[in-house]
Each structure stands twice: as C-alpha cells, then as structure tokens.
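Here's the structure, in structure tokens; my notes come after.
The values are calculated or read from the model by the stated rules, or taken from the named source; none is laboratory data. Quantities reported herein were computed from a predicted structural model and do not represent experimental measurements. Here the Cβ is made from the backbone with ideal geometry for all residues, glycine too, and neighbour counts use every protein chain on show. The accessibility values were calculated without ligands, DNA or RNA, using every heavy atom of the protein model including side chains. Shrake-Rupley method; radii C 1.70, N 1.55, O 1.52, S 1.80 Å.
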Amino acid sequence: MLSSSSTSVKNLPLKRRLCFLLKLVCFVSSVLIFCEFLIYYVVIFQCQWPDVKGGAHMSEKETSASVLKAIILADTHLLGEIKGHWLDKLRREWQMERSFQTALWLLQPDIVFILGDVFDEGKWSSPQAWADDVRRFRKMFKCPVSTELVVIVGNHDIGFHYEMTAYKVNRFEKVFNFTSGKLLTRKGINFVLVNSVAMEGDGCAVCRTSEAKLVALSHKLNCSQQKPNHSNKGCSHVEKLPASEPILLQHYPLYRKSDAECTGEDSAPPEEKKIPFKEKYDVLSQEASQKLLWWFQPRLILSGHTHSACEVLHAGKVPEISVPSFSWRNRNNPSFIMGSITPTDFSLQKCFLPFESRVFTIYCAAGALLVILVLAHVQLLTPPFYFAQRLISKHKAV
C-alpha cells in the first residue's frame, strides 16, 4: 500500500506538485494573516463610540469640540526577565500591540488611560530590565500626536505597599509623568489621578506626600464647584478650575466585600465571586475609600487590579467601573472601555477583543483541513466521493 502510494507521488508531474505546494503556502499564509492581523480589524471594527446625552442633537463639529473620546484599559502586565518566557512574551505582546494599534487606527480616540500594572515585574526590575520593559512598552503602545496617553501606577509597577520605595515611585513618575494627586483637565473635564498603592493610611513618607497632594487638589476642586458642604473660606486666592465634577482614575478599586454582585460575561468566574476581598490588597480600605469619596465627590470612578469586570454603586450614587485585564494571559476575553465624556455627562461602552479560544479553534480547524488535503493529494486518503462510488460498485457486484 505504502510503496504504491510513494510511487504515485513520484510519478506526479512536477508542475502539479509545485502548484499544490503553492496552494498550501497560500492557505497557511492566509490563516496566519487572518489570525494574527486581520482578526483584530474584524472584531474592533464592530465597536462604536457611545452617544452621550445631547450628542444626538449636536452637529458633528459641536460634538467633536465638546465630547472627549477616551479609551480606558488596565493590567497589561508586560512580562519581565524573571518570570516571562520568551515565547509567552512574544505572543502576548504581539496580541496587545496589534489590538491597541488597531483600536487607535479605527477609533481615533482623543486620550487613552491605562489604569496601572503596566508591567508585571516593575516591583523587582533592575535598572537594565526596567529600561528594556519601558522600551517595549513604548513600542507597543505608541500613540499618534493626536492621541494623548496617560498611565496610572499599579502595585506591579512599584510593588505593594510593603515593597514600595521612593526610588520605584520616582522611576515610574519620571517615565510616565505621573504624580498622585495630579489633575488632568481636558475639554473642561477634570480627571484626578490617584496612586492607590499609597493610600495605606499608615503615615509612610510616600503616603503622606500623596495624601497631601490629594487634599490640596480636593480644596481647589471644591472651591471651583462651590460645594455647600465645604467652607468657602480661603477660596479667594485659589486657582479656579472647571466646575465639572471629577472622574477618579486609580488602580485599586474602592472597598467592596467581594465580586458577588458583579455580572457580565467578563466578570469573575463563579467560584471566585464569593471569595472575600482583603483590604489594602484586593481593594482599598474602607477608610481610604471614604476619604476619596468625601474629598472629591466624583461622578465616576475607573479602576483595574481585579482583572475582571464589575460595576458598583457607592453611596447609592457614585458608579465605579472595574476594567478587566487587557492581556490574554489573564483572561480569554480581554476588553477595553470606550467613553464619550462631557463636562456634565458620560456614556461608556465595552469593546471586546478577539477571544483567544476562537483563534485556537480556527488554527485547529485549518490544521485538520491541511492534513486532509495533504493525505488526499498523496492518495493516502481516498476522497469521500470515490470511496462512496467504490462501495456502490462492490454492492452491485455482489
């Protein structure tokens, strides 16, 4: 059987074999191009910017002038030299780079926020490893001049509180121009950037500095908004800011008992939802959470850290959105948030990236089809039509 098959292969005309080989190369190339490049365009093209109230009645020129288009993502966890295998790094970084660059090209946001844990090993990195991680990050998340990139600090960037040092904090701040208590105002919208790792409340040097900046910023914002529950004394010489209620951006979520009330296909798995959260580790402490709510009275809070999606309502009126991880290493269905924001309102929409399981399914199906085609070509696998025809012939002969 095998000798006859090999003989038939040798007897195939050279032109036919080359043609078949060319078809195989085209087939494999097409699958690779689709799964590693085109699929990001196909999936992200389906995402649309949400409409904000009043936006439907504005002209296109008025909308672009007053609505800030923001992309919010979290927990990219670029692998480092200690725990990161080269193949894992290559795969995950390619996925995130293609997703991010595709989203920029298709959606053209005004600003992008990354809510911490940019690196996986920033808390351990040597100066040389840190420089290499930063170089790779800048390549992957490069933005055009028209799009601003804002990065918030996370515990994997500078360590948990017990690992955090002034050196690590300064190193991060120098690269990303980040300071806790920094106010970012765009199109009349106030964003407050918080180093949630420094909200330990134990009076450490970094914590004292961070909280002092937040208190000073809170005073400025409250003076600008003339909050009735804050004294207006001392506001005469304070720089006036836009009166828009602020949006808090931080890595740790505010305090909640667990993810038990979280819903959606990208929320935590059922077996993890009822596991109680540890204060100052999984979420901020109740005290720190109350401080932030009291100081800023925000209209929206955006956080990361848990790698899963969740929507929480604090004090019955302040929504917090926990943004899931952007990395396929942490979940099968990464996503990011698209926000249309004005000084008085906002509208959010989630944009899912390609499911990794679906990409693997395509590869497996293509691989199986490839094997069948090769076997059929070398006549080790009889095509179904001829196989059925032989069965019918034998049946008639009997």
Inset, instruction - Return the loop-located GluC sites (Glu not before Pro) in region 215-313 (DSSP other than H, G, I, E, B) with at most 15 other Cβ atoms within 10 Å of their own Cβ; answer none if there are none. - result: 239, 261, 265
Legend entry - Projected area averaged over orientations for region 156-196, convex hull of C-alpha atoms, nm²: 3.2 nm²
Inset, instruction - Assign one of three labels to region 79-193, namely rounded, prolate or oblate, based on the Cα gyration tensor with a ≥ b ≥ c the square roots of its eigenvalues; rounded applies when a/c is under 1.5, prolate when it is not and a/b is larger than b/c, and oblate otherwise. - result: oblate
Inset, instruction - Using the 4.7 Å Cβ rule, please list in number order the cysteines from the chain without any candidate partner. - result: 19, 26, 35, 143, 364
Inset, instruction - For the chain, build the charge dipole from Cβ charges (+1 Lys, Arg; -1 Asp, Glu) around the Cα centre, then report which of 176, 72, 145 sits farthest towards its positive end. - result: 145
Legend entry - 81, 356, reordered so the largest accessible area comes first (probe 1.4 Å): 81, 356
Legend entry - the chain - accessible surface per residue (Å², probe 1.4 Å): 52 Å²
Legend entry - Reported label for calculated P(r) over Cα pairs in 10 Å bins from 0, in percent given (i) 4, 19, 26, 21, 10, 7, 6, 4, 2, 0, 0; (ii) 4, 17, 21, 16, 10, 8, 8, 8, 5, 1, 0; (iii) 4, 19, 28, 26, 15, 6, 1, 0: (i)
Legend entry - Candidate lysines - alpha carbon under 17 Å from residue 220, same-chain residues fewer than 8 apart omitted: 182, 233, 240, 291
Inset, instruction - Straight distance only, please: which aspartates and glutamates reach the Cα of residue 350 with their own Cα at less than 18 Å, same-chain residues fewer than 8 apart left out? - result: 51, 75, 110, 265, 266, 311, 320
Inset, instruction - Please arrange 359, 206 by accessible surface area, largest first, computed with a 1.4 Å probe and ligands excluded. - result: 206, 359
Legend entry - Accessible-area composition of region 134-264, carbon plus sulfur, in percent [1.4 Å probe]: 55 percent
Legend entry - region 159-212: trypsin sites (Lys or Arg not before Pro) in DSSP loop, at most 14 other beta carbons within 10 Å: none
Legend entry - Over 30 Å between alpha carbons, listed pairs 69/317; 83/273; 139/273: 139/273
